[in-house]
1. Identify, by number, the condition in (1) surrounded by 11 or more Cβ atoms within 10 Å (Cβ to Cβ); (2) in a helix (DSSP H, G or I); (3) at pLDDT below 80 that residue 100 doesn't meet.
2. Does residue 21 satisfy the condition of being on the phi > 0 side of the Ramachandran plot and at pLDDT below 90?
3. Go through (1) at pLDDT below 90; (2) surrounded by 11 or more Cβ atoms within 10 Å (Cβ to Cβ) and name the single condition residue 80 misses.
4. Going through the stretch 64-73 one residue at a time, which ones are touching a helix residue (DSSP H, G or I) at 6+ places or on another chain (Cβ under 9 Å) and either without any contact (Cβ under 8 Å) to a residue 12 or more places away in the chain or assigned to a loop (DSSP other than H, G, I, E, B) (or both)?
5. Pull out all pairs, ordered by first then second residue, where Cβ-Cβ is under 9 Å, the residues are six or more apart or on different chains, the first lies in the stretch 119-143 and is at positive phi and surrounded by 12 or more Cβ atoms within 10 Å (Cβ to Cβ), and the second is assigned to a loop (DSSP other than H, G, I, E, B) and at pLDDT below 80.
6. Might you check whether a residue that is in contact with a helix residue (DSSP H, G or I) (Cβ under 7 Å, 6 or more places away or on another chain), in a helix (DSSP H, G or I), free of Cβ contacts under 8 Å to residues at least 40 places away in the same chain and farther than 14 Å from residue 42 by Cα occurs anywhere in the stretch 87-96?
């Protein structure tokens, strides 16, 4: 008979093999939060996006060669672009980092819009703001004369 110690060792070995092998064999099946990604939906939307891009390129080519008149071209192009935009929005909605990107962009925009506390240097060109070297009488960038202080 198998002793209790051997049974415990076999169970530990099997658990270790599963613990190490599962991430290698199941790549991309699980996210860090333990949920399955919507890979099929993402693949479907990517295929749809590529199909729409190809359709737009084909439509452009047909218009350039005279196979499609201007009125039809404009209507079809707007329809295809609308579908492509909707597909891209759906793809962005499936991306968990899209909301983070939007938040970061808003924070960057607010920082860029905020006035800076430091003004121009007191020893800078009054015309372009470039700092003067100690011995310069004229601005090296715009040629404006240095104000005598």
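1. (1)
2. Here the answer is no, as residue 21 does not meet what is asked.
3. Of the numbered conditions (1) at pLDDT below 90; (2) surrounded by 11 or more Cβ atoms within 10 Å (Cβ to Cβ), the odd one out for residue 80 is (1).
4. Correct list: 67, 68, 69, 70, 72.
5. Note: pairs meeting the criteria are 129/120; 129/121.
6. No, the conditions are met nowhere in the stretch 87-96.
The values are calculated or read from the model by the stated rules, or taken from the named source; none is laboratory data. Just so it is clear, the model here is predicted, and its values are computed rather than measured. In this analysis, Cβ positions are derived from the backbone assuming ideal geometry, glycine residues included, and neighbour counts consider all displayed protein chains.
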